[in-house]
Each structure stands twice: as structure tokens, then as C-alpha cells.
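Notes for the one structure printed next.
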Amino acid sequence: MGAYLIQRLLGVIPVILVISVVTFLTTAQVRGDAASVLLGPTATPERAAEVRNRLGLDQPLPVRYVKWMGQVLQGDLGNSILNRQSVTSLVGSALRVTLEQIVLAMLFAGLTALLIGVVAAVWRGSWIDRLLMTVALIGTSVPTFWLGLVLIYLFSVRWQLLPPSGFVPFTVDPVANLKAMVLPSFALGVYLAGPLARFIRSSLIETLQTQYVTTARAKGLTESRVMRGHALKNALIPTVTFAGLQIGGLLGGAIVTEVVFSLPGTGSLALNGILNRDFPVIQGVVLVVACGYVLINIGVDCVYVLLDPRITFATSSS
């Protein structure tokens, strides 16, 4: 596994380079540069040229890209145009909020989908199966922003049980932090729970029809032991891949929930950067999130071994 992991990490390097080039060129070609944002519409051409020279914006794109990548490799994503704060610090703070939301959403989605998927698979073809799959389909079809607004109305405005917006760090007040994260995490988790439940159901039904499950039943094992010891564990292996691929969708959905619930995450940071044409912030958020998604896919492959030690990885040398 060690050789496979090294090979995958080396293969990530060209992917990250492509991501960095696309990110840099996309923001560089947007109408209006940092000088126009800093000086505003009333700036004179002479003053704008002076600022562009000071910021190095008058240099060729390849030169600017090399300098930018040199800073990135040193952990420096530049400074925000609007408030001159370090983009590395801004992205780091926002990323903690987004990751907390995604982890809680995946925890809710995983437990809910596991329960629905297993029950539907055991009672496949019955009215229980049809009811649960209908609920899963409805959960997938509901727009995240609409669900968020409904949750705010019910739990914050009508019943006044949870705060409608805002964020409190866990280190400051754990209880207030969890209260602030319940609604956005639930709204985001519903997005994943539906398709994950259907996938678990299909995978488990297929596993229950395999030869080794039939053999286990023939040996006199109880249905619960067959399910826990043989079927469920093997059915969850492809589920890990499916759940890992959905993280990209959760990152996109987090933008919506962070705006609806006023959370200071990467989605809100990127949106504010786009609206204010804060190009260093946009570049920093896109680069960090994209690289994180690539590394998560590698992590998903490695989790296979924890679920089934029989899985081996082939390297190019073998």
C-alpha cells in the first residue's frame, strides 16, 4: 500500500499544476484587475498604471504565474485586495467552518442512509421498501436553499429552538457551536442521504444474492449474523467510493447553506470574493478546495484496506 500511495501522490502533482494554471488564468482574464478594484472607477490612467506596476500586473502572464506559484509553494496565497488580510489565514479560518459542516452532514447522512438502505434491502419489494425509497427520492429532489429556509422558519422563527444564522467556534462555546451547525448540517446532509440510501440498498441486495451469503445461511447462521458478519461489510466497500465522490457535491451545496445560514465558510468567502472581484481570495479558495478534493479521493482508496484487508493495490512496477 505504501508504494501505491506514493505513486498516487506523485500522480497528483500534474493534476494540481493543471488546477493552478486554470485557476490563475481564469481570474487573470476577468474584466477589471486588482488596480481597478483598489482605486475605483474614478482613478486616473496614470494612477492605475502606477498601481499595476507596483503589484506586478503589467508583467506577462507566465511571469506572474511563476511568481504566484512560488508564493503558494511557500504557503503564501497573497493578501486580500479589500482588507489586506492574508488569504492563507482567511481560507484556513473559513475551511474549518466548512469542514465541520461537511463532517456533521456526512455523519447524519451516513447513519440515516444506512438505516434506510438496510431496512429497504431486507424488506425489498414490500410497501416498506417503496415508502423508504420514496422518502429518499423526495430528500434528493428538495432544493437545499428551500429546505434551509423551511428549517429556519420552523426551528428558529416558529418554535425558537435553534438560532437562524451565525457561527460560534467550538473552542469558544461547544453548545452554541453545535446549535448553530445543526440546521445547516441537516439541510446539507439530506442532499447526500437520499442517493446514499438507494446505493446502500442496491449494493446490499446484490451482496445478499452472492454465493458466500447463501453458504453462510446453509451453515445455520442467523440472519442477523449473516447481515453483520458477511453481507453488510462487503456491501459498504463500494459505498465508500460513492460517498467519497459525493464530497464535491457537498462542497457545492455548502455554498448554499453557508449563504442561507450566514456561516463564514469557504463558500461565503468565495462568493464575497467573486462579488467584490477579490482575485487573490478567489484563487486561494478554488486552489485549496480543488487540491483537498483530489487528496480526499486518494484517502477514499486507502480506506478500502480498512474495510477489507484482502484488497491489494497494484503499482506500475509490478
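The values are calculated or read from the model by the stated rules, or taken from the named source; none is laboratory data. Since the structure is predicted, the reported quantities are computational estimates derived from the model, not experimental observations. All Cβ positions, glycine included, derive from the backbone under ideal geometry; neighbour counts span all protein chains shown.
Restricting attention to region 73-127, the residues that are aromatic (Phe, Trp, Tyr) and part of a helix (DSSP H, G or I) total 2.
Against the criterion of being assigned to a helix (DSSP H, G or I), in contact with a helix residue (DSSP H, G or I) (Cβ under 8 Å, 6 or more places away or on another chain) and not small (Gly, Ala, Ser), Trp146 does not qualify.
Candidates in region 151-175 are the residues that are exposed (fewer than 12 other Cβ atoms within 10 Å of the Cβ) and part of a helix (DSSP H, G or I); of these, the one that is farthest from the chain's Cα centre (by Cα) is Arg158. Within region 55-64, being closer than 18 Å to Val281 by Cβ and either touching a Leu at 6+ places or on another chain (Cβ under 8 Å) or not assigned by TED's automatic domain parsing to the domain that holds Ala28 (or both) holds for one residue alone: Arg64. Scanning region 257-278 for residues that are within 17 Å of Leu151 (Cα to Cα), surrounded by fewer than 21 Cβ atoms within 10 Å (Cβ to Cβ) and β-branched (Val, Ile, Thr) yields a single hit, Val259. Contact map, region 2-15: first residue more than 20 Å from Tyr293 (Cβ to Cβ), second residue surrounded by fewer than 12 Cβ atoms within 10 Å (Cβ to Cβ), Cβ cut-off under 8 Å, separation 6 or more or different chains; pairs are Ala3/Ser317. Tyr4 passes every criterion in (1) under 20 Å from Ile296 (Cβ atoms); (2) modelled with pLDDT of 90 or more apart from (2). Checked against (1) under 25 Å from Met133 (Cβ atoms); (2) among the aliphatic types (A, V, I, L, M); (3) surrounded by fewer than 21 Cβ atoms within 10 Å (Cβ to Cβ), Ala290 passes all but a single condition, namely (1).
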